[in-house]
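This report refers to the structure that appears directly beneath it.
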Amino acid sequence: MQTTDQKIALITGANKGIGRATAERLAGLGMTVLMGARDPGHGEEAAAAVRAGGGDAHAVTLDVTDAATVREAARWTGERFGRLDVLINNAAITGSGRVSPVDAVDQIPSGVDLDMVRAVFETNVFGVIAVTNAMLPLLRRSPAPRIVNLSSGGGSLALNSDPDGPLTGLPPSAAYSPSKTALNALTVQYANELRKDGILVNAAAPGYVATDINDHQGFLTPAQGAEVVVRLATLDADGPTAGFFSVDGPVPW
Ligand code: NAP
């Protein structure tokens, strides 16, 4: 086992988009980054790029819906590093493919395909529970463990229920948005359980970022989207827990 004072961070879905930008930033801060990817080739390509930039990066095959890969990722991380300091639950799908939220009309509740809702929750919600619980024994060995869940302003009930709010105009969603609302709820429940152990758990709203998930319709870069994630991953011991933050501050639940 490699023993190191260098912090160890695992990011799910780190082969592209915000997850990859987060890995690049955390590596730049001197952390060892474990870049989760369901496709090993894509993971290795991303990790090699971070290494080429001087970072310490390792690809980890990890499909958050595949219990065997989750188990193996935890086993390998434990064997290789003995602990985990930061877990970023970033991997997610829209269920509608690569579309801007405006185009996701197949998520309108009255006509939604229940199998699509199940698939979205399997990745965006149940996958987070699976990965978090697999990694918790390793996080408990860290002196300052942090968990960041990649949520979305689209998961905010307050914003969704405001007829004059910023989400007005988006088609109602029975899949992606509720999955992020459920993730917010899980964030609070995990934070409440783990508060006494010094494990800070928060949800991040990265803003509207140009990535594959929205067919690059977003107006922020992945690096800009990663900013709030990095802040929550590097909180001091007196930092918040059970919170929901964008780069501009708290987001209403
Ligand atoms: P992205 O570029 O599409 O990246 C999504 C990542 O998740 C990819 O690496 C993808 O892997 C991975 N993934 C999907 N299903 C997976 C699974 N079952 N197991 C492991 N990895 C899986 O999208 P992004 O914009 O960077 O999204 C990152 C996070 O930010 C998501 O949680 C998203 O909901 C959130 N978010 C994004 C925006 C935005 O405007 N972009 C706004 C709010 C929130 P593959 O390459 O194999 O598909």
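Every number in this text was worked out from the coordinates using simple rules, so none of it is lab data. Fair warning: this is a prediction, and the values are worked out from it, not measured in the lab. In this analysis, Cβ positions are derived from the backbone assuming ideal geometry, glycine residues included, and neighbour counts consider all displayed protein chains.
What is the gain in length, in nm to one decimal, between HIS216 and ARG71 on full extension, counting 0.36 nm per residue of separation less the C-alpha to C-alpha distance?
Extending this stretch completely gives an extra 48.9 nm.
Given the options VAL230, VAL112, VAL120, state which has the largest fluctuation in a GNM of the chain using a 10 Å cut-off (strictly under) for Cα springs.
Highest fluctuation of the listed residues: VAL112.
Considering only the other residues whose Cβ falls under 9 Å of the Cβ of PRO222, what net charge follows from Lys and Arg at +1 and Asp and Glu at -1?
Charge balance in the 9 Å sphere: +1.
Please give the net charge around GLU45, taking every other residue with its beta carbon less than 12 angstrom from that of GLU45, where Lys and Arg add +1 and Asp and Glu add -1.
+1
Please give the FRET efficiency for LEU29 paired with SER110, using the beta carbon to beta carbon distance and R0 = 35 Å, rounded to the nearest 0.05.
The value I calculate is 0.15.
Which residue, LEU159, LEU34, LEU136, tops the fluctuation ranking in a GNM of the chain built on C-alpha contacts under 10 Å?
Maximum among the listed residues: LEU159.
Short version: ³J(HN,Hα) in whole Hz for each residue of segment 58-63, in order, from phi by Karplus 6.51 cos²θ - 1.76 cosθ + 1.60 (θ = phi - 60°), x for Gly and Pro, what are they?
9, 7, 10, 6, 8, 9
If the viscosity is 1.306 mPa s and the temperature 10 °C, what translational diffusion coefficient in µm²/s does Stokes-Einstein give for segment 173-249 when Rh comes from Kirkwood over Cα pairs?
Roughly 118 µm²/s, to the nearest whole number.
Pairs of Cα atoms under 8 Å, at least six residues apart: use those to get the relative contact order of the chain, whole percent.
20 percent
Restricting to the chain, compute how many DSSP beta bridges are antiparallel as a %, nearest 5.
Within the chain, antiparallel bridges account for around 5 percent of the total.
So how do 88-94, 162-168 stack up, highest first, on mean other-Cβ count within 10 Å?
88-94, 162-168
Taking 7 Å along the Cα-to-C-beta vector as the label spot, tell me the ALA52-GLU122 distance in nanometres, rounded to one decimal.
Each label point lies 7 Å from its Cα, and together they span 3.4 nm.
Let me check I've understood the local charge: for GLY55, count other residues with C-beta under 12 angstrom from its C-beta, Lys and Arg +1, Asp and Glu -1. What total comes out?
+1
Can you give me the P(r) profile for the chain? Cα pairs, bins 5 angstrom wide beginning at 0, each as a whole percent.
Computed distribution, short to long bins: 1, 7, 14, 19, 21, 17, 11, 6, 3, 1, 0.
Expected output is a single nm value to one decimal: the length gained when fully extending between ARG80 and ASP162, i.e. 0.36 nm times separation in residues minus the C-alpha distance. What is it?
My answer for the length gained is 24.7 nm.
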